[in-house]
1. With each label point set 7 Å from Cα along the Cα-Cβ vector, what nm distance links E26 and T197?
2. Send over the semi-axes of the chain's equivalent ellipsoid, whole angstrom and largest first, taken as the square roots of 5 times the C-alpha gyration tensor eigenvalues.
3. What translational diffusion coefficient, in µm²/s and rounded to a whole number, does the Stokes-Einstein relation yield for region 107-250 at 4 °C and a viscosity of 1.567 mPa s, taking the hydrodynamic radius as the Kirkwood radius over Cα pairs?
4. Mind giving me the FRET efficiency for T34 and T131? R0 is 51 Å, r the Cβ-Cβ distance, nearest 0.05 is fine.
5. In the structure displayed, which of K61/K182; K53/K114; K114/K205; K71/K130; K61/K141; K31/K214 lie more than 18 Å apart, Cα to Cα?
6. Divide the volume of the convex hull of the Cα atoms of region 39-147 by its number of residues and quote the answer in cubic angstrom per residue.
7. Could you pull out the GluC sites (Glu not before Pro) across region 216-250 that fall in loop regions by DSSP (anything but H, G, I, E, B) with no more than 13 other Cβ atoms inside 10 Å?
8. Compute the long axis of helix 130-140 from its Cα atoms, compare it with the longest principal axis of the Cα atoms of the chain, and write down the angle in degrees, 0 to 90, nearest 10.
Amino acid sequence: MKRFGWMFLALCLFMAACAPNNVKEEKGWEKYFTQYKVEGTFMLFNNAQGIFKVYNLDRAKERFLPASTFKIFNSLVGLQTGVISDTGMVIPWDGVVRKIPAWNQNLSMQQAFKVSSVPYFQEIARRIGKTNMQRWLDSVKYGNMKISTIDTFWLDNSLQISPDEELGFVKKLYFDQLPFAKTNMQTVRDVMLMEKTPKYELSYKTGWGTMGAKQIGWIVGWVEENRHPSFFVLNIETEDPNFDMVKNRMDILRNILTDAGYFKGEM
């Protein structure tokens, strides 16, 4: 039954692009999670080869709050509804000093996305409104599609999404398969590009939230070499209050992708 459930998941998520025979559980990636004493999962789909690898399959099907990975969706809806005019649209700083210095200034949409400004995108959500936001959540079928308060629902554990759902979402974004204008999807892909070198391009959005004593960390996106994208999702959790989420989640991502042969321009 467990194997059938996994085959069904793979078929639903990737359809013909990912045959069940090509699904591989990578237990060797466990060492990267053990190194940082975290629970987690990592999913990697090489689109050109149709190969899907996953570490910790059971967790990959569990739902968690999306935290700031929701900024991808929020940006798409903001652009589609005209709430965000373009990536240069500035929202003035409200004067409230927050713990992340980069947030304490006037920010454009592109700047806010890069520094993952919560206040900026909370204001975007308020301007979109609960009715419109719910309509788009339902249309895309994003996670459990639940909204509590319009400017906190992706942070307060109301909205939840699984790693495999996140992977399907960014894959559809890359291939213009979401119900948004292609120009808006291209705009969001552009702001997701974080590293560009002659050998590879790395596009992603991070997330960091809490569920009780647990800290939940995310990185979702794709790495592209020779115009061949591979989609990934990293999801981790820890109860260590001194855990360096910003550094350690990126270390885990880069270590796994390096292990899988990326960053050399050969994929």
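The values are calculated or read from the model by the stated rules, or taken from the named source; none is laboratory data. The structure displayed is predicted, hence computed values, not measured ones. Ideal geometry is used to build each Cβ from the backbone, glycine not excepted, and the neighbour counts take in all protein chains shown. These accessible areas exclude ligands, DNA and RNA; they are computed on the full protein's heavy atoms, side chains included. Shrake-Rupley method; radii C 1.70, N 1.55, O 1.52, S 1.80 Å.
1. 1.7 nm
2. Numbers: eigenvalues 159, 85, 75 Å².
They are 28, 21, 19 Å, listed from largest to smallest.
3. Working: Rh = 16.4 Å.
Approximately 79 µm²/s, per Stokes-Einstein.
4. Details: r = 46 Å, r/R0 = 0.89.
About 0.65, to the nearest 0.05.
5. Working: K61/K182 29 Å; K53/K114 28 Å; K114/K205 9 Å; K71/K130 16 Å; K61/K141 15 Å; K31/K214 21 Å.
From the list (K61/K182; K53/K114; K114/K205; K71/K130; K61/K141; K31/K214), the Cα-Cα distance tops 18 Å for K61/K182; K53/K114; K31/K214.
6. Values: hull volume 16.1 nm³, N = 109.
Spread over its residues, the Cα hull of region 39-147 gives 148 Å³ apiece.
7. On the way: sites: E224, E225, E237, E239; in loops: E239.
Loop-located and lightly packed - E239.
8. Its long axis makes an angle of about 20 degrees.
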